[in-house]
Amino acid sequence: MYCDAAFNVHEDRKSQSGYVIFLNNDSSPILFKSKKQSSLAQSSTEAEIIALFDGVRHLILLTNLLEELGIEVNKPIPIWEDNMAVIELISNDKILKGNARFIDRKYFATRDNVQKGDITLKYVDTANQIADCLTKAISGQRFQTFKKILHGTYSNSAEQIEMDDK
């Protein structure tokens, strides 16, 4: 799963969430979503955590469905995130300091999924963040590449994206 957010992009200062879920590295996306966040995030990190919470909820739902159907799911499932602060806050059981202590606790439910071994957060460079196209306007070549990925016509695997206009 690739997950991203664009902070403070709407007139009411709300952020935009986006995520893309793949069945495996070589598949087309089985679910992708772009949505205006209902909560007002105070920082880009908070906006990313809200997007991650929403995406992981749907990922866990799909995982449970697949397992009920008898399909083996390899865990932990990688979640590709381009915000190192989010990876640090969610992956580590640290006491929240600074502005992070004001982020609604419900969004840290994702931390439970990491601790149970259901998911793992991995860093992806923003240039290769597939969910980026679901949160903001992007350049022509990147848009064309991401469009092919979302339509299932891109020839490389989801993890091996090469952008021509980095």
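Please treat every number below as a calculation from the coordinates, not as lab data. Remember, it's a predicted structure, so these values are computed and weren't measured experimentally. Using ideal geometry, Cβ is built from the backbone for each residue, glycine included, and neighbour counts are taken over all protein chains shown.
Quick notes on this one:
- Among beta bridges from DSSP that stay inside the chain, the antiparallel ones total about 65%.
- With each label modelled as a point 7 angstrom along the Cα→C-beta vector, the Phe108-Asp125 pair spans 3.3 nm.
- Projected label distance in nm at Ile30 and Leu61, using a 7 Å step from Cα toward the beta-carbon: 1.4
- Rg(Cα)/(2.2 N^0.38 Å) for the chain, N = residue count: 1.01
- Helices of the chain meeting both criteria, an alpha-carbon length of 30 angstrom or more along the long axis and an average Kyte-Doolittle score not below -0.5, with helices taken as full DSSP H segments, are 44-68.
- Note on Val9 and Asn92: the model spin-label points, each 7 Å out from Cα along the C-beta direction, lie 2.9 nm apart.
- Theoretical ellipticity at 222 nm over the chain - DSSP helices of four or more residues, -39500 (n - 2.57) apiece, nearest 500: -10000 deg cm²/dmol
- For Met84, Met1, order by how many other beta-carbon atoms lie within 10 Å, fewest first: Met84, Met1
- Relative contact order for the chain: 28 percent, from Cα pairs under 8 Å spaced at least 6 residues apart, divided by residue count.
- For the residue pairs Lys106/Lys148; Lys75/Lys106; Lys33/Lys106, the C-alpha atoms sit more than 30 angstrom apart in Lys106/Lys148.
- Full extension of the chain segment joining Leu23 with Ser44 gains 4.8 nm, where the gain is 0.36 nm per residue of separation less the Cα-Cα distance.
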